[in-house]
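For reference, the structure discussed in these notes is given below.
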Amino acid sequence: MDVAAYMAERIPLIDRAIEARLDGLANGDEAIPSALAGAMRHLLFPGGKRLRPVMALAAAEAVGGPAAAALPLGVAVEFVHTYSLIHDDLPCMDDDDLRRGRPTVHKAFDEATAVLAGDALLTEAFAVLADGAEESEASLRLAVVELLSRSSGALGLVGGQVDDLAFEAAGSGSAGTRAARLASIHARKTAALFRASIEGGATLAGADPGKRAALARFAQDVGIGFQIADDLLDADSGEAASILRLQGIDDAKNGAEALLGRALGEIEGWGEAAEPLRALARFAIRRER
Ligand code: GRG
């Protein structure tokens, strides 16, 4: 399976859907302020790898559905991901000047606009899910709204970020305690959004509860493995919440491979339709960018 070809085929679908949504906001009957529209799209075009939305589409296909069933979720998770990056870069958080090699949103615009652009993207994500998924029943959309809320909110991204800030400030504790706290931070900060993408994509395609549960476990392992890959790529960052503060490079790589193996075991026997999802999991964990 050529994962690059799969991504190159799916990403334009996602980009067009994101573009249409942003265009509707910027040029609709009640057009939004132009600075807000600019700040909302600043990190979206050109964007990042679009891994979460592509995984949402692949998960829909893995359970026998059409990729299109997960397209609104793809837009929604990319909006949530982008909001989290905008807010993470703010002076009161990581205080970064650059993101994806370009000025962060608060540098390109100003701090208040960056906060508000993040707020607007987060809110819009739920509007997309509520009114955009014509292909899926309302009850399925509602289940996915709940999943994405939990993954993004206090139980997910936001809670993980709070724990991360506390972890960096504390800087002490036994190795075992620190490892457990780090695993919890990565589960919330990183894996939760993978779970919303993957379990949610399958849910919109009508997956049964057994498959949804298997994909939730798959996504948890892929998400943590993705974070380990990120820490390995960023080995010199000095980041407090990096796995490399607790173990060496070889141990971290072996740990990520073990997570990949366990994740793939969850969807063993799912046939050809799950091949893109398998390939994306390998890419997420073994990636070099
Ligand atoms: C501020 C609410 C709030 C949350 C912040 C997600 C997050 C929590 C911070 C973003 C920075 C970070 C280190 C997140 C961990 C997950 C991660 C490695 C994100 C980068 O994802 P990629 O590589 O990014 O998919 P691209 O640029 O490709 O989209």
Check your understanding: What part of the accessible area of the range 3-286, given as a whole %, is carbon or sulfur when the probe is 1.4 angstrom?
Key -> 53 percent
Exercise for review: Note down the relative contact order for the chain as a percent, whole number, built from C-alpha pairs under 8 angstrom at least six residues apart.
Suggested key: 22 percent
**Study point:** Spatial separation of Cα centroids for the range 171-201 and the range 250-275, in angstrom
**Key:** 18 Å
Practice item. Please give the peptides 279-286, 18-25, 260-267 ranked by average Cβ packing (other Cβ atoms within 10 Å per residue), highest first, as a rough proxy for protection. Key: 279-286, 260-267, 18-25
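So how strong a dipole does the chain carry about its Cα centre when Lys and Arg Cβ are +1 and Asp and Glu Cβ are -1, to the nearest 20 debye?
Details: 29 positive and 43 negative charges, 119 e Å.
It comes to approximately 580 debye.
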Study note, to complete from the structure: Net charge (Lys, Arg +1; Asp, Glu -1) of residues whose beta-carbon lies under 13 Å from that of ARG212, ARG212 excluded, is -1
Check your understanding: Roughly how big is the range 23-146's charge dipole about its Cα centre, with Cβ charges of +1 (Lys, Arg) and -1 (Asp, Glu), in debye to the nearest 20?
Key -> 480 debye
Exercise for review: Please identify which residues in the range 163-201 have an amide N closer than 19 Å to a label point set 7 Å out from the Cα of ALA273, following the Cα→Cβ vector.
Suggested key: 197-201
Revision key, fill the gap. Neighbours of GLU266 by Cβ distance under 13 Å: Lys/Arg at +1, Asp/Glu at -1, summed charge +3
Check your understanding: Want the number for ALA26 to ASP94: 0.36 nm per residue separation, take away the alpha-carbon distance, what's left?
Key -> 21.6 nm
Practice item. Can you work out the PRE-style zone for LYS49? Point 7 Å along Cα to Cβ, and I want the residues of the range 264-289 with backbone N under 11 Å. Key: 280-289
Revision key, fill the gap. Here the net charge surrounding LEU44, from other residues whose Cβ is less than 14 Å away from its Cβ (Lys, Arg +1; Asp, Glu -1), is +4
Practice item. Please list the helices of the chain that count as membrane-span-like by this rule: a mean Kyte-Doolittle hydropathy of at least 0.0 together with Cα atoms stretching 18 Å or more along the helix axis, each helix being a complete DSSP H run. Key: 3-27, 71-88, 111-132, 138-152, 157-170, 209-233
Review point. Given the Cα-Cα distance of ARG217 and ALA108 and 0.36 nm per residue of separation, how much length would full extension add, in nm?
Key: 35.4 nm
Check your understanding: Got a number for the accessible area of HIS42? Probe 1.4 Å, square angstrom, nearest 10.
Key -> 30 Å²
Check your understanding: So for the pair ALA169, ALA183, with labels modelled 7 Å out along Cα→Cβ, what separation do we get in nm?
Key -> 2.6 nm
Review point. On full extension of the chain, what length is gained from SER237 through ALA138, given 0.36 nm per residue of separation minus the C-alpha to C-alpha distance?
Key: 31.2 nm
Review point. Lys/Arg Cβ at +1, Asp/Glu Cβ at -1, dipole of the chain taken about the Cα centre: which of LEU204, ALA5, GLY225 is farthest positive-ward?
Key: GLY225
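The values are calculated or read from the model by the stated rules, or taken from the named source; none is laboratory data. Given the structure is predicted, the values throughout are model-derived calculations rather than measurements. Backbone-built Cβ (ideal geometry, glycine too); neighbour counts: all protein chains shown. Accessible surface is based on the protein model in full, side chains and every heavy atom, while ligands, DNA and RNA are left aside. Shrake-Rupley method; radii C 1.70, N 1.55, O 1.52, S 1.80 Å.
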